[in-house]
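The values are calculated or read from the model by the stated rules, or taken from the named source; none is laboratory data. The shown structure was predicted, so the numbers you read here are calculated from the model rather than taken from an experiment. Cβ coordinates were reconstructed from backbone atoms using ideal geometry, including for glycine residues, and neighbour counts include every protein chain displayed. With ligands, DNA and RNA removed, areas are computed over all heavy atoms of the protein, side chains included. Shrake-Rupley method; radii C 1.70, N 1.55, O 1.52, S 1.80 Å.
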Amino acid sequence: MAEERDQTDNLEKALLERANRLAREYLARAEQQREDIHRDLREKLHLSEERELLSAREKSERVYQQRIQASELQLQARLDHLRWQQVQQILDELLRQLQQQAEDDETYLPLLGQLLQDAAAAITAEHLVVQVNSRDRQRLQNVDTQQWQTWLPDKQITLCEQPCDCSGGVLVYDSDNRIRVNNTFEGRIAMLHEQLEQSIMEHLFSKTLTTGEMIHG
């Protein structure tokens, strides 16, 4: 049991580590996309040539600054979209890897048991309802009484007949359905979304140039 807990009790840390690893893999793609944005922007602007063609120095400077500001806004919008796109791709890949883990009974069942224990520990009620997806419901139906006693020695468990719309993990609530703990894969990622996103952003864009640097070189 101690070995199982060692493997599963730090799910948040594992999610962050996976997200960071994926972020590093996506960094090379992000660097190329930034280079494409940089090149495209310089090709479109031709600011120095246009500036020389303007006859009035004052008008030239004003128009030049307006173009710079407009270009910075446009570039910032494109970079924001790139950041959002990369973060979403990594979070999607993270969920896909968790779903893949759910295919392996040897590693997944201890994780499912730990998610169940963590959820049950947050609810003081003695009688709890456990809701999982159809595949995991079949798995839990095959779990013997001794294993249930090991997981939740002080709780009475009812396995909900209605499957949960999730790819893995467990939703636990009291008999009155007043207190709910969402320990599904989707629920855990949603709970950690801000922390995961910040960690991913730090890895992906720690070397990102400012808009001014990308325009002016």
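Under 14 Å from a point 7 Å along the Cα-to-Cβ line of I157: which residues of region 91-110 have their amide N that close?
109-110, by backbone N distance to the label point.
Starting from 0.36 nm per residue, how many nanometres of slack lie between E103 and T124 once their C-alpha separation is accounted for?
The span from E103 to T124 would gain 4.4 nm if fully extended.
Grab the other residues whose beta carbon is less than 15 angstrom from that of C164, score K and R as +1, D and E as -1, and report the net.
+1
So, with a 1.4 angstrom probe, what is the percent of accessible area on region 151-199 that is carbon and sulfur?
41
Excluding T124 itself, calculate the net charge of residues whose Cβ lies under 14 Å from the Cβ of T124, where each Lys or Arg counts +1 and each Asp or Glu counts -1.
Net charge in that neighbourhood comes out at -1.
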